[in-house]
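Working notes for the structure below.
Laboratory data are not the source of any read-out in this text; all were calculated from the coordinates shown. As the structure is a prediction and not an experimental result, all values here were calculated from the model. So basically every Cβ, Gly included, is an ideal-geometry build from the backbone, and we count neighbours across all protein chains shown.
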Amino acid sequence: MSVTFEEFRKEMMQNPDFKREYEALEPEFEIIRAMVAGRMEAGMTQKQLAEATGIAQGDISKLENGSANPSLRTLKRIAAGMGMQIHIEFRPIGGEKRI
């Protein structure tokens, strides 16, 4: 019987050290998900996005698979290439609401 990634992740999240590290990477995961979703929503391939932004397709791939860390300037170029803009927000740790 094979285990899905989600099942594996859920099991691993029971380990406090793993959970802490995984949650620390959430902002990076969120950026990657937003980039891929935006590109797909725009109906673009990585190659088309590369042509629109002047960023090498290999670098787009590295950003999407998490092996590169984009600057804000790069994120703005990518968003513009997809006909979008970026939005960055600061949220309270733990999701507490502020009044």
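Things worth noting here:
- If you count Lys pairs in the chain whose Cα atoms are under 18 Å apart, skipping same-chain pairs closer than 8 places in sequence, the total is 4.
- Stretching residue 59 away from residue 90 to a fully extended chain increases their span by 8.5 nm, per 0.36 nm per residue minus the current alpha-carbon distance.
- From helices alone, the chain scores -17500 deg cm²/dmol at 222 nm; the rule is -39500 (n - 2.57) for each run of n ≥ 4 DSSP H residues, then divide by the residue total.
- Where a label projected 7 Å from the Cα of residue 68 along Cα→Cβ would reach, residues of the stretch 38-55 with amide N under 19 Å: 38-40, 44-55
- Shape analysis of the chain yields a ratio of the Cα radius of gyration to the Kirkwood radius, Rg/Rh, of 1.05.
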